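Nothing in this text is a laboratory measurement; each read-out follows from the coordinates by a stated rule. Remember, predicted model here, so these are calculated numbers, not experimental data. All Cβ positions, even for glycine, are placed from backbone atoms using ideal geometry, and neighbour counts span all protein chains on display.
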Ligand code: UD1
Ligand code: CA
């Protein structure tokens, strides 16, 4: 056996971070910090000291790699989802799982992407056309779902021109990050003449393939959960289902994989033993467990969403935003929030929303697509904002719906104000200029425009434009009949 030791995610000296839950493990390909969950290293199996993972020495001459192609497996039926929608299009953090995987590849500069589809081909193609219009994402049909090895074979058989390194991922692992993809590529390119495999230490490894290593840590074989004997079941290093394998190794070995009799499928995991036998074994690379979580059911989808949400909230917190309660605030990826803004509990903020500095959002606010909020605004409880621009120092403090609107700065929107933006046929715009004061429970029947510094009387139904500096009251005048009740009593 050649001398190439296990590669850990991070070949620099490791530093403990403050909270002790994560280790900084040096820079990844793009020069960003990489972190690894300490849980992995708490595993006794590895028998190594987490503080002492030295750089891996490669004494083999590695043939240079001429590019990486990604193959994303997505043909599986996903029966456990019990859905008309194919599994990989179910959303995590407002984005289909498959898009998370594709984006991680693209962000790590892997642009040659082939997706293996089955009966879901049409659904996947329309998804890609809508989302990646113009970007070339290839599709290959796997006619029958005969297993992960067969899925990869279908790409080879379709004669898709693959580069030297073939990265194989699953469409149902939405938590994988570009950092990790980049790191795996770096390790593959530098260390391996066969391939690498993303592995992790799992406290509860049930359901995952187990990694069997030799004394030098090379992968000897992978045993699927169902096929594992009692001893193998105790292995806590799991197969994360992400691999980079040299194209020539796939060409030589895929055809040798035999059908798994118990399941009637061809397992890609069986390639590990074949690669070990030809002395070009898979090298395990540690990947944070939470990035590998595979989604097979709706409960696991919710778990994945929770993890992704936590990451988003952590990142915002690091940037100076107060998230009052991590358990009830849901913020999708791709939301911009300025420093010193506070997001109160039970608030939902969708992708693409922008919020300025020093705002107070929620509790129980719902900011939907196209909401752009200025600085020092208050968007209070039970307020929904959609496709609207709100200027600086403006308050929409209670029980309002602001849709398709443009609201200036220093505007006060009274409790219960609604923009009636939909006339049953199309959406219409409400414009409220700077300094306007809107009394409670007003309705703006769009299209309508309110001038600067104007005042709207409470309870108004505004159907016509209001010029600058004016008062508009649009409600039936109050009629008070003094003594009416007493008089009624007398006549009875
Ligand atoms: C697989 C691995 C397991 C690993 C786990 C990580 C195998 C045999 N097992 O198990 O070791 O721990 O992933 O999550 O590979 N697919 C196809 N065509 C097929 C079958 C599957 O495209 O014929 C796709 C699925 O859509 C899915 C991916 O391949 O995206 C993985 O298949 P899945 O059935 O979920 O494998 P696991 O049982 O999770
Ligand atoms: Ca899976």
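When ranked by the protection proxy of mean other Cβ atoms within 10 Å per residue, highest first, what sequence do the peptides 352-362, 465-475 form? Don't skip to the answer; put the middle values down first.
Details: 352-362: 20.9, 465-475: 14.4.
Those peptides, ordered most packed to least, come out 352-362, 465-475.
Working from Cα positions, state the angle (0 to 90°, nearest 10) between the long axis of helix 121-131 and the longest principal axis of the chain.
60 degrees
Rounded to the nearest 0.05, what FRET efficiency is calculated for residue 458 and residue 125 with R0 set to 30 Å and r the Cβ-Cβ distance? Let's see the in-between values first.
Details: r = 53 Å, r/R0 = 1.77.
Calculated transfer efficiency: 0.05.
Taking just the alpha-carbon atoms of the chain, what radius of gyration and Dmax come out, in angstrom?
Answer for the chain, Rg first and Dmax second: 28.9, 110 Å.
What is the list of residues in the range 357-395 whose amide nitrogen lies under 16 Å from a point 7 angstrom out from the Cα of residue 339, following Cα to Cβ?
Within reach of a label on residue 339: 357-359, 375-376.
On a full-extension model of 0.36 nm per residue, what is the gain between residue 469 and residue 203, subtracting their alpha-carbon distance, rounded to one decimal in nm?
Working: separation 266, 0.36 × 266 = 95.76 nm, distance 6.64 nm.
Here the answer is 89.1 nm.
Just grab the label-to-label distance for residue 410 and residue 422, each label 7 Å out from Cα along the Cβ direction, in nm (one decimal).
3.5 nm
Where both residues lie in the chain, what percent of DSSP beta bridges are antiparallel, nearest 5? Mind showing how you got there, number by number?
Details: 27 of 95 bridges.
Counting only bridges with both partners in the chain, antiparallel ones make up about 30 percent.
Using only the Cα atoms of the range 121-169, build the gyration tensor, take square roots of its eigenvalues as a ≥ b ≥ c, and label the shape rounded, prolate or oblate: rounded if a/c is under 1.5, else prolate if a/b is larger than b/c, else oblate. Walk me through the numbers on the way to the answer.
Working: a/c = 2.27, a/b = 1.35, b/c = 1.68.
Cα axes put the range 121-169 in the oblate bin.
Which of rounded, prolate, oblate describes the range 178-265, given a ≥ b ≥ c as roots of the alpha-carbon gyration tensor eigenvalues and a/c under 1.5 marking rounded, otherwise prolate only if a/b is larger than b/c?
Values: a/c = 1.89, a/b = 1.24, b/c = 1.52.
The shape class here is oblate.
When the chain is fully extended, how far beyond the present Cα-Cα distance does residue 109 get from residue 482, taking 0.36 nm per residue of separation?
Details: separation 373, 0.36 × 373 = 134.28 nm, distance 7.84 nm.
This chain segment gains 126.4 nm when fully extended.
Mark the label point 7 Å from the Cα of residue 214 along Cα→Cβ and return the residues of the range 233-275 whose backbone N is within less than 15 Å of it.
What the label zone holds, given the 15 Å backbone N cut-off, is 272-275.
Stretch residue 230-residue 190 to full length: gain in nm at 0.36 nm per residue minus the Cα-Cα span? Spell out each step's value before the answer.
Values: separation 40, 0.36 × 40 = 14.40 nm, distance 3.59 nm.
Taking 0.36 nm per residue and subtracting the Cα distance, the gain is 10.8 nm.
Is the shape of the range 369-468 best called rounded, prolate or oblate, per the rule: a/c under 1.5 gives rounded, else a/b larger than b/c gives prolate, else oblate, with a ≥ b ≥ c the square roots of the Cα gyration tensor eigenvalues? If you can, show how the numbers build up before the last one.
Values: a/c = 1.32, a/b = 1.09, b/c = 1.21.
Rounded.
Among 88-94, 236-242, 456-462, how do they line up from the highest to the lowest mean number of other beta-carbon atoms within 10 Å? Mind dumping the intermediate values first?
Values: 88-94: 21.3, 236-242: 23.9, 456-462: 19.1.
Going from most to least packed, we get 236-242, 88-94, 456-462.
Peptides 255-266, 328-339: what's the order by average Cβ count within 10 Å, highest mean first? Don't skip to the end; give the middle numbers.
Details: 255-266: 13.5, 328-339: 18.2.
Most protected by this proxy first, the peptides run 328-339, 255-266.
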